[in-house]
Each structure stands twice: as structure tokens, then as C-alpha cells.
Amino acid sequence: MSKKTVQKSKKRTTRTNKKRTSGVKANTVVEPTPITSEKTTDVKPVEVPKKTTTVEPKETSEKVVAAESAPAVKTAPAKKATTKKTTTAKSTTATSKKTTTAKPKSVKSETPVEAKPTEVIQEVPVEKPQSIDLGPRRSVAFIGSECYPFVKTGGLGDVMSALPKSLAKLNMDVKVIIPRYKCIPQKFQEKMEYKGSFYMDLCADGKQYYVGIMEYQEDGVVYDFIDNDEFFSWGNPYTNLIDDIPKFCYFSKAALAALNYLNWTPDIVHCHDWQAALVPLYLRTTFKDTNVGRAGAILTIHNLRFQGVYDRKTIQYWSDLPDYVFNKDCMTQNWLDANMLKGGITYSNVVTTVSNTYAGEIQTEEYGEGLEEHLRYHSSKILGIVNGIDTDIWNPATDKLLAAQYDSQSVIKNKKANKKALQESLGLEVDDHKIVIGLISRLTNQKGLDLVNDVIPSIMDEHTQVVVLGTGDAMYEDAFRYYENKYKGNFCAYIAYNEKVAHNINAGCDALLVPSRFEPCGLTQLISMRYGSIPIVRETGGLKDTVQPYNLFDNTGNGFTFDRYESGLLYDAINRAKTLYFENRKYWDEMVVRDMNKDVSWQQSAKQYKDMYVELTPKY
């Protein structure tokens with residue numbers, strides 16, 4: 001053999017050793033290969049240094065990993081090599097890719113050395129995850145008077161919380177602006193970051209007011225709080241119109257001024273209810289020549305009954321809006337008053353309501369609250385999008401307030417445990433064979449409580465229990481206390497609001513009453529279905545849009561409904577529910593599972609809102 005051939009063989013020793021090793025699978029024992037050469041060499045274990053230099057392999061894409069200080073393995077000579085001497089590479093570390101050829105040392109014995117398991121990590125090509133196209137990106141500023149978990153008095157607080165979070169997941173840049181009330185829990189106040197302050201002209205006489213900006217971030221949403229002790233030092237967000245009119249004139253203007261101060265220009269300004277209804281007017285008048293003035297304006301009506309109607313001169317003074325907006329087609333109402341919600345409707349690009357049925361109802365005399373003609377005039381820009389609920393908060397599978405957690409697979413079994421716990425905690429007779437009907441509501445005439453008051457004596461029997469939770473008008477509070485005393489052990493009037501009790505009623509009841517006179521959307525029926533409690537509702541507003549009436553003949557639907565606002569029809573709906581519960585429990589249980597599997601989240605509604613934003617600002 002020529003000298004040149006021997007040199008080439010030595011240079012390729014490392015390469016051939018790698019090729020042999022690459023065929024070994026991870027965590028397998030390598031059997032020694034029989035030696036056929038005339039002379040064999042062995043290598044003593046070499047102590048591997050802890051730090052090694054990584055060299056990228058040229059011939060293979062596999063990483064060979066061996067234990068530190070492992071004894072060498074005898075291997076057969078390379079096929080291409082013709083030399084009689086066989087060389088073996090030093091052991092490699094778990095992180096080193098560099099292979100070193102050890103100097104051969106002759107040994108007398110040819111006894112095979114059993115190798116320790118060699119771990120081989122193969123470099124598998126990693127495919128980059130395909131990015132999901134979430135569509136065009138828009139920036140939206142939500143402006144409203146409350147937002148959960150900072151402050152909440154009703155459904156507005158839930159929407160201001162859940163909708164921005166859902167939009168943030170759809171590639172939206174979202175900012176929420178609310179007042180910094182003193183009633184906001186201290187745990188949130190402590191985490192707020194000061195972003196700046198300035199003074200702003202407010203009144204018609206040029207009086208200036210301090211505007212502070214505090215910021216808090218969570219779940220991809222930025223929350224900005226407008227700080228002013230003169231307006232927001234009260235314990236509750238709403239007090240009376242005498243104080244609330246100046247407060248929300250200030251807030252509407254300060255929110256827009258804060259956006260300009262922060263140099264954060266939204267594509268859309270989305271304001272909610274009468275408390276923020278002056279925002280569209282400010283956008284098109286006072287702020288029309290500023291950055292924020294280029295934004296589109298959307299106003300959402302959560303409840304048309306509350307409109308911000310007050311003396312025209314007072315609102316004109318505090319808002320300092322130009323005289324031309326105070327006319328019969330915009331702000332003026334009944335000649336002497338001004339209506340803040342009416343003005344917001346006039347100057348908005350789009351007006352939304354919280355259900356499709358309610359969008360039509362408010363244009364009728366029965367539900368229009370005096371604005372039906374004005375709304376019909378602007379009907380081309382009215383759109384109804386039903387609300388959803390935050391399914392992370394309202395989730396019986398993870399709800400820590402329940403006696404037993406459950407999902408649609410375990411609801412039939414575990415709901416019984418929650419029913420028993422509810423009966424025990426509220427002083428009701430513990431009896432699984434009784435149907436428990438719940439009512440969670442503000443105790444006002446809007447919620448249909450006069451109908452409930454009429455039918456209770458007729459539905460109370462030895463098979464029925466009723467639980468009421470809420471506060472409100474004294475006449476309803478007293479009536480329910482009377483029934484609790486009359487039907488001891490089967491009727492409970494919990495005249496307060498307790499979050500834990502609300503969760504337990506949803507989980508422990510068999511059915512839930514929502515017989516509203518009018519209901520823009522309603523979240524109670526959505527939560528009850530999420531918890532497997534069958535809703536009994538009147539067909540109005542969002543209740544009609546979200547509850548499909550049960551059909552006994554084909555076993556479809558997810559609740560019991562009635563149309564006209566009559567106590568006899570409510571009584572009939574309750575009896576139909578009780579009949580199915582006691583006489584055909586199989587169909588009842590199937591409806592429970594069907595309700596729990598119904599999508600009541602914000603996912604679909606948030607997509608509709610995003611489509612609306614994109615259509616309103618088609619610049620990309």
C-alpha cells in the first residue's frame with residue numbers, strides 16, 4: 001500500500017467513525033463488532049472536559065451524544081481504509097460535535113469491551129408553524145363608565161371587559177378608558193402606572209380641570225383611567241343626574257384629550273351608553289382638527305331607557321359644545337331639555353345594540369323610549385350584535401365556588417351535588433326529587449317581577465322550590481320576603497347580591513327565570529345555559545335571539561319561552577318545564593347537555609365587531 005493511501009485513510013478516520021455511530025438508535029446497547037484485522041488497537045477512557053467547542057458536522061445531520069468518561073468501543077476498520085492498524089475516536093461529550101482521533105496503543109488482549117448505551121439525538125427538521133391569518137389590524141379605543149373587574153353595576157361592565165379581550169385575540173390593538181373611581185379595589189390601584197397629566201378647558205366660561213392618566217395592562221388590553229378627585233371621589237360610579245351630567249361631560253372630553261396626550265391615535269372610538277355619548281360630538285367638533293378626530297365613531301346602546309336627559313343650558317355649559325348641535329334633530333328634546341344619547345346617535349358612524357331583535361324593537365313605540373322616530377330616521381346605521389359571556393370566568397369545569405365542578409360529560413351526576421349544597425346553604429329542604437327554580441336579577445319592573453309575583457302562589461307545591469337573589473324596588477323585596485315566610489323550606493329570598501351565591505344558584509338550580517318586560521340582550525340566560533340550568537324566558541330582545549323554544553315532538557330547543565307579557569303565559573311556560581322535568585327526564589337531561597355545549601362565548605360576536613371596524617375604516 002502506498003504512503004499516500006495511508007495518509008488519506010487517517011484523514012478520514014473521524015468521518016467514518018461518525019457514519020458508523022449515526023446508525024445507532026437512542027437508548028440502545030451497541031454490541032461489539034468482530035475484529036478481523038491482523039492487529040487491533042484499543043483506547044483507554046479519556047476524561048472529557050466540561051467545556052467543549054462545538055464544530056458543525058459536515059457529513060451528517062445527526063448529533064452523537066455519549067456519556068462523559070465512557071469507555072471506548074472497539075469498531076471495525078473503515079471499508080475504504082487498507083491499513084492494518086485500526087484507530088478509534090475519543091469519547092465525545094453530550095454537547096460536543098467535534099470528534100478527536102486518539103493515538104493508538106497496542107494491547108495484548110482482544111477481549112470485547114461491552115459498550116455503554118450511546119444516546120443519539122437526531123436533528124429532525126422542524127416545520128415552522130403556519131401563522132393564522134387574523135385579517136387586518138385595527139386600533140380601537142373603548143370608552144365607557146364601567147369595566148369588570150374594576151367596577152361593575154350591570155351588563156355594561158361585563159361587555160367592557162370581555163369584548164376587548166376577545167378582540168385582542170383577533171389581532172386588534174385595544175385600549176379601554178374608564179374613570180378612576182375611588183371604589184376601584186386597592187389591589188388594582190396599586191398596580192396602576194402614572195402616564196402623565198394636564199389641564200383641560202371644559203366649561204363654556206373656559207374653566208380648566210385636571211386630567212390625570214393612570215395605566216394598567218392585562219390580557220393584551222391596555223386600561224387607562226381618567227383621574228380627577230373632584231368628579232370621581234364618590235363611592236359609587238353613579239349617583240344622581242345633577243352630579244352625573246357634569247361628571248360624564250368631563251369624562252367624554254377628557255378621554256379624547258388623553259388619547260391625544262398619549263399620542264395614541266385609534267382607527268375607531270367605540271363608546272358605550274349615554275355616559276360616553278358625547279364622544280362622537282366632541283370628535284366632530286372640538287377635536288375635528290386633531291389626530292384623534294380622524295377616528296370613526298361607534299356608539300353601543302346597552303339599555304335605551306337611560307339617555308342622559310337634563311336641562312339644555314346645564315349640558316351646554318358643562319360640555320361647551322357649539323350651539324348648532326343643540327337643535328331638534330340632534331341634542332334638543334322637548335324644547336327645554338338636551339338628550340346626550342340622542343346627540344351621540346346623530347353623530348356616530350354606526351349605532352349598535354346588544355342583540356338583533358332589540359335593534360328592531362327600539363324603533364317601535366313600545367320599546368323606543370321616546371326616541372323611536374329619531375332611531376327610525378337613522379335606521380340605516382343601526383346594527384344588532386348579540387353579547388357573549390366570558391367563558392373563562394363562567395366555566396363550571398373550573399369554577400372554584402362550586403361544591404362540585406363539572407362539564408357536559410359529568411353534568412347529570414355532579415349537578416346533583418351542587419343542588420344539595422345549594423339547598424343546605426339556603427335553608428331549603430334537601431330533596432333531589434324537587435325541581436329548583438332560580439331567579440337572579442335586579443328587582444325592578446323591567447325584569448318582569450310583577451309576573452313572577454303573580455304566579456308564585458300557583459306554582460308552589462310539594463314538588464317545587466324557588467330561590468330569588470337580588471336587590472331593587474322595596475315592593476318586590478318585601479313581596480319575596482313574604483313568600484319566604486309563607487313557604488318555609490321551599491322558598492328563599494336572598495335580598496342582596498353575592499357572587500358566590502349567584503354561581504351556586506346557576507349550578508344548583510334546574511331552571512332559571514328571565515321573564516323580562518324588555519331585555520336588550522341579557523347575560524343571565526347565557527350563564528344559566530353554560531351551567532346546565534334550563535332558561536324560562538319571554539321572547540324579547542336578546543332572550544329571543546339566544547333561547548330556542550323547546551319542541552317536544554322532535555326534542556329540539558334549549559329553553560321554555562312565552563311571547564306576550566302576561567302572567568298566565570309565564571305560568572304555562574313554567575308548567576311545561578315542570579312536566580318535562582318530572583315525566584320525561586331523559587329529554588330534560590339531553591337539553592341540559594345541549595345547552596352546555598352551546599357556544600355562548602364572545603368569539604363569533606367579536607368577529608362581527610371586527611368586520612364592522614374594518615368596513616368602517618377600509619384603508620388597508
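GLU373 contributes an accessible area of around 140 Å² to the protein surface, as traced by a 1.4 Å probe with all chains present. Listed by chain and number, the aspartates and glutamates whose alpha-carbon sits under 12 Å from that of LYS578, ignoring those within fewer than 8 places in the same chain, are ASP461, ASP510. Here LYS191 is the anchor, and the aspartates and glutamates within straight C-alpha reach of less than 20 Å, apart from those fewer than 8 places off in the same chain, are GLU146, GLU215, GLU218, ASP219, ASP224, ASP227, ASP229. Judged by the mean number of other Cβ atoms found within 10 Å, the most tightly packed of the peptides 318-326, 441-449 leads the ranking 441-449, 318-326. Pairs exceeding 26 Å between alpha-carbon atoms, taken from LYS420/LYS586; LYS169/LYS447; LYS152/LYS247; LYS313/LYS447: LYS169/LYS447; LYS313/LYS447.
Considering only ALA204, GLN186, MET214, whose Cα is most displaced toward the positive end of the charge dipole of region 177-216, charges sitting on Cβ of Lys, Arg (+1) and Asp, Glu (-1)? Toward the positive end, the furthest listed residue is GLN186. Using Cα-Cα distances under 8 Å and only pairs 6 or more residues apart, what relative contact order does region 414-473 have, in percent? Result for region 414-473 is 42 percent. Annotation: per residue accessible area for region 548-616 equals 51 Å², rounded to a whole number [probe 1.4 Å, protein chains only]. In the assembled protein chains, MET475 presents an accessible area of approximately 130 Å² (probe radius 1.4 Å).
Treating r as the C-beta distance of GLU366 and MET475 and R0 as 25 Å, the FRET efficiency rounds to 0.60. Given their separation in residues at 0.36 nm each and the Cα-Cα distance between them, ASP243 and ASN597 gain 122.9 nm when the chain is fully extended.
Accessible surface calculations at 1.4 Å, restricted to protein heavy atoms, place region 140-203 at 36 Å² per residue. Rounded to the nearest whole Hz, the Karplus-based 3J(HN,Hα) values (6.51 cos²θ - 1.76 cosθ + 1.60, θ = phi - 60°) of region 277-290 follow the sequence 6, 7, 4, x, 5, 4, 4, 8, 10, 4, 9, 5, 9, 9, with x at glycine and proline. Here is the tail figure for region 510-610: Cα pairs spaced more than 22 Å apart come to 26 percent of all pairs. Per the 1.4 Å probe, what fraction of the accessible area of region 411-541, in percent, lies on carbon and sulfur atoms? Using a 1.4 Å probe with all protein chains present, region 411-541 comes out at 48 percent carbon and sulfur.
Rounded to the nearest 20 debye, the dipole size of region 401-524 about its Cα centre is 280 debye, using +1 on the Cβ of Lys and Arg and -1 on the Cβ of Asp and Glu.
Amide H contacts for SER139 (H built 1.01 Å from N in the peptide plane; partners 5 or more residues away or on another chain; cut-off under 5 Å): ASP173, ASP267, ILE268. Relative contact order of region 157-236: 35 percent, from C-alpha pairs under 8 Å at least 6 residues apart in sequence.
The solvent-accessible area of ASP311, taken with every protein chain present and a 1.4 Å probe, is close to 60 Å². Structure note, pairs LYS165/LYS195; LYS195/LYS328; LYS419/LYS607: Cα-Cα distances above 31 angstrom occur for LYS195/LYS328; LYS419/LYS607.
The values are calculated or read from the model by the stated rules, or taken from the named source; none is laboratory data. No experiment lies behind these values; they were computed from the predicted model shown. Cβ: placed from backbone, ideal geometry, glycine included. Neighbour counts: every protein chain shown. The protein model used for the area step is the full one, side chains on, heavy atoms only, and it has no ligands, DNA or RNA in it. Shrake-Rupley method; radii C 1.70, N 1.55, O 1.52, S 1.80 Å.
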